[in-house]
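The next block holds one structure in the form of structure tokens; read it before the comments.
Read the figures in this text as sums done on the coordinates, not as results from a lab. These numbers were taken from a predicted model, which means no experiment stands behind them. Reconstructed Cβ throughout: ideal geometry from the backbone, glycine too, with neighbour counts over all protein chains shown.
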Amino acid sequence: MTKFIFVTGGVLSSLGKGIASASIGALLKSRGLKVSMLKFDPYINVDPGTMNPYQHGEVFVTRDGAETDLDLGHYERFVDIDLSSHNNVTTGQIYSAVIEKERRGEYLGGTIQVVPHITDEIQARVKKVAEKDRAEVVIIEIGGTVGDIESLPFLEAIRQFRLKMGRENTLFIHLTLLPYVKSSAELKTKPTQHSVGRLREIGIQPDLILCRTQIPLTSEARGKISLFCNVEQKDVIQAIDVDNIYEVPLRFDTEGLTDSILQKLGLSLPKRNLDSWRKWVEKVNNPHQEIRIAVVGKYVRMKDAYKSINEAFTHAEAANEVRVKVLWLEAEELEEDPPKYLSSVKGILVPGGFGPRGMEGKIRAIQYARKEKIPFLGICLGMQCATIEFARNVAGLKGANSTEFDPDTPHAVIDLLPEQRSIRDKGGTMRLGAYPCRLDSGSFSSQAYGKTLVYERHRHRYEFNNEYRRLFGQRGLRVAGVFPRKDLVEIVEISDHPWFVAVQFHPEFQSRPQSPHPLFRDFIKAAMK
Ligand code: GLN
């Protein structure tokens, strides 16, 4: 019998529900359980793929090519599992499925309603995760905040789910905020009381309350929450602010969260020590030196837009025992005078992106990295920009561009493949998910990976134009990796350089704490030299 843990959020958004859920996953896995995760997103988009990063933050791509919420990235990194499209479900998907069934006549004669049709579909998605992933525990995070109109059908569905599956097989965990009021030097519990009140109105009594707080939870606050929210004192768990998100599971475990969850679910599993996790966190927190790396992008004001890149840096920090100070630079600002911004950095990364804004600034930054021999990592659009920069400034192809930015360019060094040209729909139609990449021996990449065939995740429409391969090769831009079946260029490198690697895929999605991505690890290593 699978056990189901539902995590809801109260008071306000951005309390770290994703990290909390991922941490619970990591802790239960550490006790030997097979864990899977599910994120419900209450918006009507079918997936976040069509959303602007300012709206949503990063779109995380799974191995099977689903465009998902960035919390799936946290789940994969913390629990160390690969997730798929069924692990992220939106209101849009639920409604599409129900409406399709209605059109097929599966409910013939009936009136289709939120209860029971939508709520049944939601519950079916929870069970599907348990079955497909053969999980002993599924942790289900409900996006949004209790009290939102959009989350109501999900909350109603999980209330019903507990009724059907039994108390011993389900658990409700609620994450709230205890604001600290300086003038009275007090942690305030009223918002928590209100949000738990809202939950109880719908018929959900939380079993455990996670209290996000700046200062240690006082016994007074704990007592009040216990009394007013109807949970035992030991089930009011402190979730104190930390500098390093990877400390969260360690803190939760010390607070007794793992034991409490297991006991409530009727599972008795021996304590395991979390020493290797703890040692890893200590490594990140105690670096031997510090370097500055510039990330030249378009959405740098929105930190969530580059979540996985940020995490991949953290993993590379531990591997190299170094602190990476990231300078997030707005690409447009670099159009004028790149050295002004870049002279102090030891490495430059140009991440993925869409649309022309900032393009020329990225190209200037890449030119600077190439000429000044500063280690460079280009990702997706970053690789395309590196190709354009090389075409214009080394191969002498004036006006070279991607047809994404200039459909009439005389040198379309980045272009659509014929099969992409006929596609009109925007949602889910890019080259998505994992593809094999064969590496050229003797390249920076093959040295980093230590093997010749790797799988990496993609999310793009445009490709390197093979017509220019030979010319670029003669001028010093080597093709270091290809997708064999279609002979698509996946990696380009400049050999006459300390470390210049540009990849069409997104390495950041596969970096994990205990297995840092080889390209990030070697990029940082090269930057330290
Ligand atoms: N806009 C480019 C493309 O569609 C790159 C996409 C990306 O960087 N993820 O090919």
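Details
- Packing-based exposure ordering (other Cβ within 10 Å, fewest first) of 328, 499, 277: 328, 277, 499
- Values of log10 I(q)/I(0), in the order q = 0.17, 0.20 Å⁻¹, for the stretch 1-90 under a Debye, Cα-only, solvent-free model: -0.73, -1.00
- Rounded to the nearest 0.05, the FRET efficiency derived from the C-beta distance between residue 190 and residue 44 at R0 = 35 Å is 0.60.
- Cα extents of the stretch 367-446 along the three principal axes, largest first (Å): 42, 32, 19
- Built amide H within the under 5 Å cut-off of residue 433, gap 5+: 65, 458
- Computed extension length for residue 470-residue 321: 49.7 nm, one decimal, from 0.36 nm per residue of separation with the Cα-Cα distance subtracted.
- Note, ³J(HN,Hα) from phi for the stretch 226-232, Karplus 6.51, -1.76, 1.60, rounded to Hz, x at Gly and Pro: 4, 5, 7, 9, 6, 10, 5
- All lysines inside 24 Å of residue 128 as judged from Cα atoms, apart from same-chain residues fewer than 8 positions distant: 3, 17, 29, 34, 39, 101, 164, 264
- Annotation: amide H of residue 133 has no partner in the under-5 Å range at sequence separation 5 or more or interchain, hydrogens built in the peptide plane.
- Cα gyration tensor, the stretch 299-342 - rounded (a/c under 1.5), prolate or oblate: oblate
- Each Cα pair under 8 Å and six or more residues apart adds its sequence gap; the mean of these over the residue count of the chain is a relative contact order of 14 percent.
- Size of the stretch 239-336 from its Cα atoms: along the principal axes, largest to smallest, the extents are 63, 28, 19 Å.
- Length-normalised contact order of the stretch 104-249 in % [C-alpha pairs under 8 Å, at least 6 apart]: 18 percent
- Net length gained if the chain between residue 337 and residue 1 were fully extended (0.36 nm per residue, minus Cα distance): 114.7 nm
- Added length on full extension, which subtracts the Cα-Cα distance from 0.36 nm per residue, residue 164 to residue 453: 99.3 nm
- Over the chain, dividing the summed -39,500 (n - 2.57) contributions of all DSSP H runs of at least 4 residues by the number of residues returns a 222 nm mean residue ellipticity of -10500 deg cm²/dmol.
- Taking other Cβ atoms within 10 Å as a rough exposure proxy, 33, 381 sort from fewest to most as 33, 381.
- Using the Cβ-Cβ distance between residue 394 and residue 429 with R0 = 25 Å, the FRET efficiency computed as 1/(1 + (r/R0)^6) comes to roughly 0.15.
- Rounded if a/c under 1.5, otherwise prolate or oblate - the stretch 293-382, Cα gyration tensor axes: oblate
- If the convex hull is drawn through the Cα atoms of the stretch 132-216, its volume per residue in Å³: 127 Å³
- Considering the stretch 37-134, its Cα convex hull presents a mean projected area of 6.9 nm².
- Counting only residues at least eight positions apart within a chain, or on another chain, the lysines with an alpha carbon under 22 Å from that of residue 298 are 307, 325, 340, 346, 362, 426.
- Interchain or long-range residues, amide H under 5 Å from residue 88's placed H: 39
- Overall form of the stretch 375-529 per C-alpha gyration tensor (a/c, 1.5; a/b vs b/c): oblate
- Hz values of 3J(HN,Hα) by residue in the stretch 259-270 - Karplus curve (6.51, -1.76, 1.60), Gly and Pro given as x: 4, 5, 4, 4, 4, 5, 8, x, 10, 10, 10, x
- Efficiency of FRET between residue 102 and residue 64 - r from beta-carbon atoms, R0 25 angstrom, step 0.05: 0.35
- Converting phi to 3J(HN,Hα) with the Karplus coefficients 6.51, -1.76 and 1.60 and the offset θ = phi - 60°, the stretch 148-158 yields 5, 4, 5, 7, 3, x, 5, 5, 4, 5, 6 Hz in sequence order, with x at every glycine or proline.
- Rounded to the nearest 5, the antiparallel percentage of DSSP beta bridges internal to the chain is 35%.
- For the chain, with +1 on Lys and Arg beta carbons and -1 on Asp and Glu, the positive-most of 477, 499, 153 along the dipole: 499
- Structural descriptor for the stretch 345-493: relative contact order 19 percent, calculated from alpha carbon pairs under 8 angstrom and at least 6 residues apart.
- Put simply, the convex hull of the Cα atoms in the chain casts, on average, a shadow of 26.7 nm².
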